[in-house]
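The values are calculated or read from the model by the stated rules, or taken from the named source; none is laboratory data. Values in this document were obtained by computation on a predicted structure and should not be read as measured data. Counting neighbours? That spans all protein chains shown, and the Cβs are built from the backbone with ideal geometry, glycine included.
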Amino acid sequence: MATPITRVEIVQAAFFDYLKSAASSENRLAKDEALSAETTLTAGQAVEIFEDQVMSRLLDVAARELKKRNEGYYTISSAGHENNAIIGTLLRLDDPCFLHYRAGGLMMARSRKTPDIDPILDTMLSYCASIDDPIAQGRHKVWGSRPLWVPPQTSTIASHLPKASGLAFALRQARKLGRCNDLRDDSIICCSFGDASANHATALAGINAASYTVRRGGSAPILFLCEDNGIGISVETPPNWIRDSFSNRPHLKYYEAEGELDEIWDVAEEAIRTCRKMRAPVFLHLHTARLWGHAGTDVETTYRSLEQIASQEALDPLLVNAHRLVESGAAEPSDLLAITESVQHRIEEAMEEAIKRPKLTSVEQIIAPLAPYDESICREQSRMQAAEESRNRIFDNALPERATAPTKRTMAAHINSALADEMLSFPEIIVFGEDVGKKGGVYYVTANLQKKFGINRVFDTLLDETTILGTAQGAAMAGLLPIPEIQYLAYLHNALDQIRGEACSLSFFASGQFTNPMVVRIAGLAYQKGFGGHFHNDNSIGALRDIPGLMLCVPSRGDDAARMLRGAIATARACGRVIAFLEPIALYHEKDLYKDGDGQWLFDYPHLQEMLLPGEIGAYHPDSNDLLIVSYGNGLRLSLRAARRLKHEAGINARVIDLRWLNPLPFEAVRRHALECGRVLVADECRATGGGVADAIIADLAESGFTGPMRSVRAVDSYVPLAAAANLVLISENQIFESAQGIAR
């Protein structure tokens, strides 16, 4: 019985049959001659593009062969999209590219510009998940390269558009500061995606942000390359949907490319030239075909008829382009056949080589680039301080450590001063978000920073958290150190994937070759005395703690906030880390600890060389050994008040520690204090089920062999209601007091 022929074989057969049977043109073009009088594309360029397209196509075929042999692990192909090689040819190496997963042709063309790169072997190594893959080193199949300025994308359901727009926005400022020296003043950003992904909220956010930037008088030189194959896995895109949706948008120049190789070249050339000259976003709508389904496991006949499949195969760009090259006289059929056979030979050799190359074999290898940290380098940052003369100017001759009436100040004031000092020391720092500029923040934490440092370094953004975090990523890749503000913790969930799926994964999938260091300031947690309801009193940090590689810190008092912010900025600068700096709103302007008017929650501004780094906890009543209370944020004040009552009312001497760092948790320090005290109570202000840290701390103590009594008090699994009802779902001083009594008896 004959083996059924596959759609891959059908497409390949049609291509080879044409090359073997085609007649040569009577007119033979020289390499430097244009394909026609209307184009700038020369015969030599066209043949090189064809070779790049053949490499992409045959790599796709090889990927399916590797899968059959259980040696390869990726079969989402670029088949049908190979005309993106034209854009790869037209772009420069100093035009960074954020690429769709069907960018094989573009990557082959881009690689041609750097002779030291072998794109065939590199792609094979990625298919085989080899540690020798030069970008992801076996962690994933990605299109990425440091020499080619292609940051890796893993699942580009448009989630890369905001950061691509962010880089376009940040280029001008970065160049002014002498950053991003490998890019020129007229470099542009290219960002490719599919027609289905164009509907995604993150795609629309990225496109909107670039247009908004230009509307506000800024620069956003980005080429949005929409590769339209008319279908998203099995869901068809309505006819003309992309044209209708994007051709008439303000501040977005639209170009549409289809037809012959040289016709696409001419449109793409004009689009790139416009983007480079105007420093504004351009939308290039490239018509493509999708061959062989979404991926190797996709059974296309379940949603497309054979007639529909065959109609797509007739649009095969390799076949169409071969016709154009032969009929124009740019190449002989035998030339194109020789190119194809040569590429096939290279691929076969690379396949056998890649199969033999080593794979990841240890946890240490896998996670090495996930959360790099070097304490000694971080501490060196504390020596990099601005001159006192500059500080006097910024602080109007009223340095915060010498402030009078009173010298002790609130958390909001300390964060403001620390931001000013860090911005003065490090000119690459930019601060931005909703209302942070003119207004100085909803809680005035960034008050007067724009006046001190100007609108290029402290600026307001549009109201969209996805754009804010995308801007941060792009700015960080441009060499700046962004400190974006998310106005409320609850708002972060609108854009969490920009941290989880994008920012924190970059170093991991780039093996540390690309990083996007940043400190994301987030106003959050509860206890705002009835104000705002659940959107302004979000007491769940579980989603943040779940993100691999993300560092999460929560200050509880003003001086610690300044020290921790310095430590967070030092860690971001030195180690390329993404850090969430969660600021308890209820503590911004808190002055008192035990009773109204005592002023015991006001603190002096710490010396400039003082910083707090991960693992450095706060310890209160360190000589008290009856009980250990573990807390953070608002819970620290509650715990200290409960500890005072325990001593005076029950004769129980409780030690209290402030975790400060919630990811990674300071387990070693907790264990040490727990062993000294023998009993542990965790006062966790966040929700009971996975919302906070109590479960992780108690589990670690149990697993490390701690045998003393352990308890926790946690907030109810509920949204936080308005007014006094909030007190019914949040932990209280009384709860901590009563639980501590129960465990200490």
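Residues that are assigned to a strand (DSSP E or B) and not polar (S, T, N, Q) do occur in the stretch 256-274. In the stretch 126-139 there is at least one residue that is modelled with pLDDT of 95 or more, of a type in the set (D, E, K, R) and crowded, with 24+ Cβ neighbours inside 10 Å. Pairing residues of the stretch 184-205 that are assigned by TED's automatic domain parsing to the domain that holds Ser165 with residues that are of a type in the set (Ser, Thr, Tyr) and in a loop (DSSP other than H, G, I, E, B), at Cβ distances under 8 Å and at least 6 apart in sequence or on separate chains, gives Phe193/Thr156; Asp195/Thr237; Ala196/Thr237; Ser197/Thr156; His200/Ser159; Thr202/Ser159. If only residues of the stretch 366-397 that are polar (S, T, N, Q) and either surrounded by fewer than 15 Cβ atoms within 10 Å (Cβ to Cβ) or outside the structural domain of Arg573 (by TED's automatic domain parsing) (or both) are counted, the one that is nearest to Arg64 (Cα to Cα) is Ser376. Listed by first and then second residue, the pairs with beta-carbon distance under 7 Å, at least 6 apart or on different chains, first residue in the stretch 572-596 and free of Cβ contacts under 8 Å to residues at least 12 places away in the same chain, second surrounded by fewer than 24 Cβ atoms within 10 Å (Cβ to Cβ) and assigned to a helix (DSSP H, G or I), form an empty list. Selection within the stretch 421-440: residues that are in a loop (DSSP other than H, G, I, E, B) and in contact (Cβ under 8 Å) with a residue 60 or more places away in the chain. The member of this set that is farthest from Phe169 (Cα to Cα) is Phe426. Take the conditions (1) in contact with a Phe, Trp or Tyr (Cβ under 7 Å, 6 or more places away or on another chain); (2) among the hydroxyl-bearing types (Ser, Thr, Tyr); (3) over 21 Å from Leu722 (Cβ atoms); Tyr488 misses just one of them, which is (3).
For the stretch 400-433, enumerate the residues that are acidic (Asp, Glu) and within 25 Å of Ser556 (Cβ to Cβ). Once the filter is applied, which keeps residues that are acidic (Asp, Glu) and within 25 Å of Ser556 (Cβ to Cβ), the stretch 400-433 yields Glu401, Asp421, Glu422. Of everything in the stretch 198-235 that is assigned to a strand (DSSP E or B) and hydrophobic (A, V, I, L, M, F, W, C), the residue that is surrounded by the most Cβ atoms within 10 Å (Cβ to Cβ) is Ile222.
Restricting the stretch 441-455 to residues that are in a loop (DSSP other than H, G, I, E, B) and in contact (Cβ under 8 Å) with a residue 40 or more places away in the chain leaves a set whose member that is farthest from Tyr605 (Cα to Cα) is Val442.
The residue that is farthest from Leu106 (Cα to Cα), counting only those in the stretch 29-83 that are polar (S, T, N, Q) and more than 32 Å from the chain's Cα centre (by Cα), is Ser36. Checking Ala30, Ala63, Ala43 one by one, the residue that is surrounded by 24 or more Cβ atoms within 10 Å (Cβ to Cβ) and small (Gly, Ala, Ser) is Ala63 and no other. Restricting attention to the stretch 1-22, the residues that are without any contact (Cβ under 8 Å) to a residue 40 or more places away in the chain and either closer than 19 Å to Glu260 by Cα or of a type in the set (Asp, Glu) (or both) total 2. The set of residues in the stretch 4-21 being farther than 16 Å from Asn321 by Cβ, part of a helix (DSSP H, G or I) and not basic (Lys, Arg) consists of Val8, Glu9, Ile10, Ala13, Ser21.
Within the stretch 690-704, the presence of at least one residue that is surrounded by 24 or more Cβ atoms within 10 Å (Cβ to Cβ) and modelled with pLDDT under 95 is confirmed.
Across the stretch 506-516, the qualifying residues are those that are surrounded by fewer than 24 Cβ atoms within 10 Å (Cβ to Cβ) and not β-branched (Val, Ile, Thr), and the one among them that is nearest to Pro482 (Cα to Cα) is Phe514.
For the stretch 19-28, a residue qualifies if it is closer than 25 Å to Gly80 by Cβ and either at pLDDT below 95 or over 45 Å from the mean Cα position of the chain (by Cα) (or both), and the qualifying residues are Lys20, Ser21, Ala22. In summary, Leu90 fulfils each of the numbered conditions (1) within 12 Å of Asp52 (Cα to Cα); (2) over 22 Å from the mean Cα position of the chain (by Cα); (3) aliphatic (A, V, I, L, M) with the single exception of condition (1). Of the residues in the stretch 677-685, at least one is in contact (Cβ under 8 Å) with a residue 12 or more places away in the chain, part of a helix (DSSP H, G or I) and crowded, with 19+ Cβ neighbours inside 10 Å. Taking the conditions (1) surrounded by 13 or more Cβ atoms within 10 Å (Cβ to Cβ); (2) out of contact with any helix residue (DSSP H, G or I) (no Cβ under 8 Å at 6 or more places or on another chain) in turn, Lys356 satisfies each one other than (1). Checking each residue in the stretch 474-501 for being closer than 14 Å to Gly549 by Cβ, surrounded by fewer than 24 Cβ atoms within 10 Å (Cβ to Cβ) and in contact (Cβ under 8 Å) with a residue 60 or more places away in the chain picks out only Gly501. Test Trp265 against the criterion of being in contact (Cβ under 8 Å) with a residue 12 or more places away in the chain, aromatic (Phe, Trp, Tyr), at negative phi and crowded, with 23+ Cβ neighbours inside 10 Å, and give yes or no. In short, yes.
The condition (being at pLDDT below 95 and either buried (at least 23 other Cβ atoms within 10 Å of the Cβ) or assigned to a loop (DSSP other than H, G, I, E, B) (or both)) is satisfied by just one residue among Ser56, Ser36, Ser78: Ser36. Every test in (1) within 22 Å of Phe98 (Cβ to Cβ); (2) among the hydroxyl-bearing types (Ser, Thr, Tyr); (3) surrounded by fewer than 23 Cβ atoms within 10 Å (Cβ to Cβ) is passed by Thr288 save one, and that test is (3). Listed by first and then second residue, the pairs linking a residue in the stretch 728-743 that is in the same structural domain as Arg714 (by TED's automatic domain parsing) and touching a residue at least 12 places away in the same chain (Cβ under 8 Å) to a residue that is part of a helix (DSSP H, G or I) and of a type in the set (S, T, N, Q), with Cβ atoms under 7 Å apart and 6 or more places separating them unless they lie on different chains, are Ile736/Ser639. Taken together, Asp464, Asp460 contain a single residue that is touching an Asp or Glu at 6+ places or on another chain (Cβ under 7 Å), modelled with pLDDT of 95 or more and surrounded by fewer than 24 Cβ atoms within 10 Å (Cβ to Cβ), which is Asp460.
Filtering the stretch 223-282 to residues that are β-branched (Val, Ile, Thr) and either within 18 Å of Asp186 (Cα to Cα) or not assigned by TED's automatic domain parsing to the domain that holds Leu171 (or both) leaves Ile272, Thr274, Val282.
Screening Ala164 on (1) closer than 26 Å to Asn83 by Cα; (2) in contact with a Lys or Arg (Cβ under 9 Å, 6 or more places away or on another chain); (3) assigned to a helix (DSSP H, G or I) shows it passes everything except condition (2).
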